[in-house]
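What follows is a single structure, written as structure tokens, with notes after it.
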Amino acid sequence: MPQIIDGKAISARIKEELKEKVSDMKAEGTQVTLAVIQVGNDPASSVYVGNKKKACEYIGIRSLAYELPEETGEDELLSLIEELNEREDVNGILVQLPLPVNIDEDKVIAAIRPDKDVDGFHPQSVGSLCIGQPGFVSCTPAGIIQLLKRSGIEIAGKECVVIGRSNIVGKPMALLMLRENATVTVAHSRTKNLKEVAKRADILIVAVGKPKMITREYVKEGAVVIDVGIHRDEHNKLCGDVDYEDVAEVCGWITPVPGGVGPMTIAMLMNNCVESVGPEAR
């Protein structure tokens, strides 16, 4: 049986470290503040926002909630972001996605000041990652790096295949693995001979968005398998992009769903919030 990479336990350790750091900062008169904006009441978004608020409360980060109605216009949202950009008591700004169809997500992301962009989605943050400059990194890929490192998995020199090329996971993930000196292939739905490509991987990271698509035929014996997907199966049970039972027969390490990558995303968001205060105050 493979080793389980326990995202719940690792994220709990990160939160404890951040709690201590925030407590020290408070003792020196520095308060970390995150502004969270949600437009409309999409049920999944409401759950995510609730989890972020809980994490803030636990760590000691002050959170400001802006719950705007579904019919909020783009100009109104941009003007709120502008106001939060200017506020000195706000360190991080997060706009919960997806937004209603009448609002241009790209325009909203670009409106957030890069030094407050704790989601790591701003074009400047992405550009900084590309050229190795400091900046915020998208939380899910950053969390996966922590999962690997804190599980004692060597990344340097390893063959890594990332299946998925989204701006939020696939592309930044590939860049981060390159930064850690892995040899990286980005594969996707149009990749020819996907099974053969995936089977080369010492570390296989799957963010393809299709439930249980990855079976043992895609996985090299003893590989590390990181499953970013989250879905409901035909029995309404949570599952990932990887067929866990099947792949567990051949891989060496695997993340469960739930309890793998998911908890790490929020832990790294909290980490970005603490980083947003600036080195002089930490």
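Remarks
- Which listed pairs, of Lys26/Lys52; Lys53/Lys116; Lys19/Lys171; Lys21/Lys53; Lys107/Lys199, have C-alpha distances above 27 Å, in listed order: Lys19/Lys171; Lys107/Lys199
- Mean sequence separation of contacting Cα pairs (under 8 Å, at least six apart), scaled by the length of the chain, corresponds to a relative contact order of 22 percent.
- DSSP finds beta bridges in the chain, and of those with both partners inside it, around 5 percent are antiparallel.
- Sequence-separation-based contact order of segment 139-262, relative, with Cα cut under 8 Å and 6+ spacing, percent: 22
- Length available on full extension from Asn51 to Lys192: 0.36 nm per residue minus the Cα-Cα distance, which gives 46.9 nm.
- Relative contact order (%) - segment 29-115, alpha-carbon pairs under 8 angstrom, separation at least six: 40
- Label-point separation, Gln133 to Glu221 (7 Å along Cα→Cβ), nm: 4.7
- Rounded tilt (10° steps) of 139-150 against the dominant C-alpha axis of the chain: 60
- Gyration tensor (alpha-carbon) shape descriptor, segment 29-115, a/c threshold 1.5: oblate
- Cα centroid separation, segment 154-228 to segment 1-52: 26 Å.
- Shape call, segment 139-262: gyration tensor on alpha carbons, a/c limit 1.5: rounded
- Modelled spin-label separation between Asp75 and Ser23, with each label point placed 7 Å from Cα along the Cα-to-Cβ direction: 4.9 nm.
- For the chain, the longest principal axis of the C-alpha atoms and the axis of helix 43-59 are separated by about 70°.
- The chain shape via C-alpha gyration tensor axes, a/c threshold 1.5: prolate
- Helix 170-179 vs. the chain, principal-axis angle (Cα, 0 to 90°, nearest 10): 80
- In Hz, Karplus ³J(HN,Hα) per residue of segment 251-268 (6.51, -1.76, 1.60; θ = phi - 60°; x = Gly, Pro): 7, x, 9, 8, 9, x, 10, x, x, x, 6, x, x, 6, 4, 5, 4, 6
- Restraint check, Lys15/Lys158; Lys149/Lys195; Lys8/Lys149; Lys15/Lys149, Cα-Cα greater than 19 Å: Lys15/Lys158; Lys149/Lys195
The numbers here are math on the coordinates, done by the rules we state, and not lab data. Predicted model, so just to flag it, every value in this text is computed and none were measured. With ideal geometry, Cβ positions are generated from the backbone for all residues, glycine too; neighbour counts draw on all protein chains shown.
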